[in-house]
Amino acid sequence: MTRRTALRSERTLIDGRLRPATVVMEDGQIADVLGYGGLDEHESLVVETIDGVLLPGLVDTHVHVNEPGRTEWEGFETATNAAAAGGVTTLVDMPLNCIPVTTTQQALEIKGDATRSLLRVDVGFWGGVVPGNASELSGMAERGMLGAKCFLCHSGIDDFPASGVTELLAAMPILKDAGVPLLVHAELETGELPPCAGDVRKYSTYLASRPPSMEDAAIAMMIDLCRQTRCAVHIVHLSSASALPLIRAAKDEGLPFTAETCPHYLCLEAEQIPDGATEYKCAPPIRGRANREALWAGVRDGTIDLVTTDHSPCTPQLKKPDEGDFCGAWGGIASLSLGLPSVWNEASARGFSLEDVVTRMSERPAKLAGLGRTKGRIARGFDADLCVFDPDARWPVEADALPFRHHVSPYIGKTLRGQVLATYLRGERIDAGPPRGKVLRAG
């Protein structure tokens, strides 16, 4: 039986601008987008008027869920709950920190089988490129892998080793033929790096051990490999603003080269990180204020294509809170439910529109993952994935209210602007009912 409903708002984001509209939904898809008063009075239709801005559901293509194998770090049940709380209707899970790592066809199938019944939002999977697995990549793409990620430095776990030029030249033509991107953790260990030594409670000690030159060298290498292979390359979690001219030149050359940055690089700054506050540790690191403003300029001019959270949690003890040891603590920022309000808080203060922010956090990530035909826009034929947002609400981030598994985050205690009021997956509001998320494939 066909079920038709509608959501109506005086501010609906359609084709890059806010306008009054009624979004008609049928069997989980957007059947039509009408004017605010455009409904036939005699049509049998349940219409809900929204007091807030109606946005496409966000698409977060950089999330570490860690299941199966390290579910005590996060897990799909808590991660997808947190995603929904933040207006995210689609997330793409990274291939490491789970056991087994997603570097084989079998591991991809294991992950899908282990997680389908737990999903409150739709989920896709990145695979991984590691030494020796090039022969797995084509089959993984056929089984739904949306793309593959590599590390150019130690990933933090030994079962996801770094790839070098030889491994990448083997993998990139296969990914190109499959029509999926290579995602790159772009830090290259040049052999000239200062050790993480000195006062380990000082953030400056850790920051000095991962200078921008690591990213810049890695990005220069990947531009060359992209030029050789024409495989689409996407730089994840860019933190070094000094790499922006390299990325811009690659784009100007016409290379299939894109980049993202993350809320923590746009919202936080090294100068304000307290001694021992290891909840701020991530890799690449949060850099200084001037670097942050240069990243914002890169977002504005399009050098940086999109913004993702890089939600990367762990158990609290791995952050070494008692020692406050930046060198020994696990690196990763937990922020899955906070992406939109944290970015909007800073973007609005710099003159960005809400349309600017959502394009970079919904439509463009969907295209990166090969989901741009059904996700990331309010348009006829797209999935009815929607977010209701109050852009003017101001609220404090409290630890006990965070919906991801462990209440460890550098945003605790900060006041943010903008609050997600409701999230809809394929036309149904996400609530405490049975999980309805799906495992996605590109297309």
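The values are calculated or read from the model by the stated rules, or taken from the named source; none is laboratory data. This one's a predicted model, so the numbers in the text were calculated from it and none came from an experiment. So basically every Cβ, Gly included, is an ideal-geometry build from the backbone, and we count neighbours across all protein chains shown.
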Just to be sure before I move on: is Thr258 touching a helix residue (DSSP H, G or I) at 6+ places or on another chain (Cβ under 8 Å), within 29 Å of Glu363 (Cβ to Cβ) and either of a type in the set (Ser, Thr, Tyr) or at pLDDT 95 or above (or both) in the structure I sent? yes
In the stretch 300-317, what residues are part of a loop (DSSP other than H, G, I, E, B) and either closer than 15 Å to Tyr411 by Cα or among the hydrophobic types (A, V, I, L, M, F, W, C) (or both)? Ile304, Thr309, Asp310, Ser312, Pro313, Cys314
Name the pairs whose Cβ atoms lie under 7 Å apart, with the first residue in the stretch 424-435 and hydroxyl-bearing (Ser, Thr, Tyr), the second in a loop (DSSP other than H, G, I, E, B), and 6 or more positions between them or separate chains? Tyr424/Ala384; Tyr424/Asp385; Tyr424/Ile430
Tally of residues being in contact with a helix residue (DSSP H, G or I) (Cβ under 9 Å, 6 or more places away or on another chain), under 27 Å from Ala31 (Cβ atoms) and without any contact (Cβ under 8 Å) to a residue 24 or more places away in the chain across the stretch 332-373: 1
All positions within the stretch 111-145 that are hydrophobic (A, V, I, L, M, F, W, C), surrounded by 23 or more Cβ atoms within 10 Å (Cβ to Cβ) and assigned to a helix (DSSP H, G or I): Leu137, Met140, Ala141
For the stretch 130-163, give me the residue count where each residue is closer than 20 Å to Pro365 by Cβ and aliphatic (A, V, I, L, M). 4
Can you confirm whether the stretch 318-330 contains a residue that is over 18 Å from the mean Cα position of the chain (by Cα), outside any loop (DSSP other than H, G, I, E, B) and surrounded by fewer than 18 Cβ atoms within 10 Å (Cβ to Cβ)? yes
For Thr71, the lone unmet condition from (1) farther than 30 Å from Gly331 by Cα; (2) surrounded by fewer than 22 Cβ atoms within 10 Å (Cβ to Cβ) is (1)
Evaluation of Gly332 against (1) within 30 Å of Cys98 (Cβ to Cβ); (2) out of contact with any Gly (no Cβ under 9 Å at 6 or more places or on another chain); (3) not charged (D, E, K, R) (one fails), failing number: (2)
Just to check your reading of the model, which residue among Lys375, Lys367, Lys320 is under 27 Å from Cys196 (Cβ atoms) and of a type in the set (Lys, Arg)? Lys320
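Inspect all residues belonging to the stretch 103-110 and state whether any of them is within 16 Å of Gly144 (Cβ to Cβ) and not in a helix (DSSP H, G or I).
yes
So, Glu355, is that one under 24 Å from Gly52 (Cα atoms), within 20 Å of the chain's Cα centre (by Cα) and surrounded by fewer than 17 Cβ atoms within 10 Å (Cβ to Cβ) or not? Steps first, please.
Values: under 24 Å from Gly52 (Cα atoms): yes; within 20 Å of the chain's Cα centre (by Cα): yes; surrounded by fewer than 17 Cβ atoms within 10 Å (Cβ to Cβ): yes.
Judged against the criteria, Glu355 is a match.
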Could you tell me whether Val63 is in contact (Cβ under 8 Å) with a residue 24 or more places away in the chain, over 30 Å from Ile235 (Cα atoms) and not basic (Lys, Arg)? no
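Conditions (1) buried (at least 20 other Cβ atoms within 10 Å of the Cβ); (2) not β-branched (Val, Ile, Thr), marked per residue:
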{"site": "Val180", "(1), (2)": "yes, no"}
{"site": "Ala186", "(1), (2)": "yes, yes"}
{"site": "Glu215", "(1), (2)": "yes, yes"}
{"site": "Ser242", "(1), (2)": "no, yes"}
{"site": "His264", "(1), (2)": "yes, yes"}
Would you confirm, using the coordinates I've provided, whether Ala379 is within 30 Å of Val24 (Cβ to Cβ), aliphatic (A, V, I, L, M), modelled with pLDDT of 95 or more and assigned to a loop (DSSP other than H, G, I, E, B)? yes
In the stretch 60-74, residue nearest to Ala259 (Cα to Cα) [restricted to those that are under 16 Å from the mean Cα position of the chain (by Cα) and in a loop (DSSP other than H, G, I, E, B)]: His64
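Identify, from the list Asp275, Asp216, Asp301, the residue that is of a type in the set (Asp, Glu) and within 20 Å of Ala349 (Cα to Cα).
Just one listed residue meets the conditions, Asp301.
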Yes or no: the stretch 74-89 includes at least one residue that is over 30 Å from Ala401 (Cβ atoms), of a type outside the set (Val, Ile, Thr) and touching a strand residue (DSSP E or B) at 6+ places or on another chain (Cβ under 6 Å). no
